[in-house]
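What follows draws every value from the coordinates through simple rules; no lab data is involved. Bear in mind that the values here come from a model prediction, so they are computed numbers and not experimental data.
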Amino acid sequence: MTRSLSEETDYIRSRLKHYAERGTFSGVRELPIRGNKHAFNFQWLLGAEFSLLWDPSRRELLFENLLPKLSYPSFLDREIRRFTHERSTSELPEHRRVDPGKASVRYSNRKGDGQIAVKLSNGDAVYGLKAALTFVNDLFAWLHMYHIDYLHREFGVPEE
């Protein structure tokens, strides 16, 4: 099903509100932003505030400042790059990976803050939002398993 850009934006807005109604997120709000971009803030994993930017003209969902105070270069930064790359490989089950035919996922470190972007190619916003949320959820689960010290330091997660 092909959707217009405004229909895709409406879908993202309504889906985020749906997650809030179900209790997955809390405090979903849309922030004013210049141009055709749409910014949404909400609390999610670990009670942290997340900032999601939807740019329909670029066909991109961006989690800004997702991972604060992440040194570049560092071991953890390199590990997150490796983890991100692995999320598009056929070694993962289809429901856990980002389909490279529909979207690409990119990690970048801007001034010591890690961010994740999902750029749509042939996929639509329905696929893109699901892929972005699944990726971020998996990333935080992976951090919890292998880099609890970072989550303790930056998100207040207990070390045990």
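With an 8 Å Cα cut-off and a minimum separation of 6 or more residues, compute the relative contact order for region 75-160 in percent.
With pairs under 8 Å counted, the relative contact order is 20 percent.
What's the tally of Lys pairs in region 5-155 whose alpha-carbon atoms lie under 13 angstrom apart, where the two lysines are 8 or more places apart or on different chains?
Value for region 5-155: 4.
Between region 42-112 and region 1-36, how far is it from one alpha carbon centroid to the other, in angstrom?
Rounded to whole Å, the Cα centres lie 19 Å apart.
Restricting to DSSP H runs of at least four residues, report the calculated mean residue ellipticity at 222 nm for the chain, -39500 (n - 2.57) per run over all residues, nearest 500 deg cm²/dmol.
Calculated from helices alone, the mean residue ellipticity at 222 nm is -12500 deg cm²/dmol.
Within the P(r) computed for region 72-159, what percentage of the Cα pairs occupies the region above 19 Å?
40 percent
Ratio of alpha-carbon Rg to the 2.2 N^0.38 Å globular estimate for region 5-155, to two decimals, please.
1.01
Residue by residue through region 42-53, what is 3J(HN,Hα) from phi via Karplus (6.51 cos²θ - 1.76 cosθ + 1.60, θ = phi - 60°)? Round to whole Hz and write x for glycine and proline.
Working through the residues one at a time gives 6, 8, 8, 5, 6, x, 7, 7, 10, 10, 10, 10 Hz.
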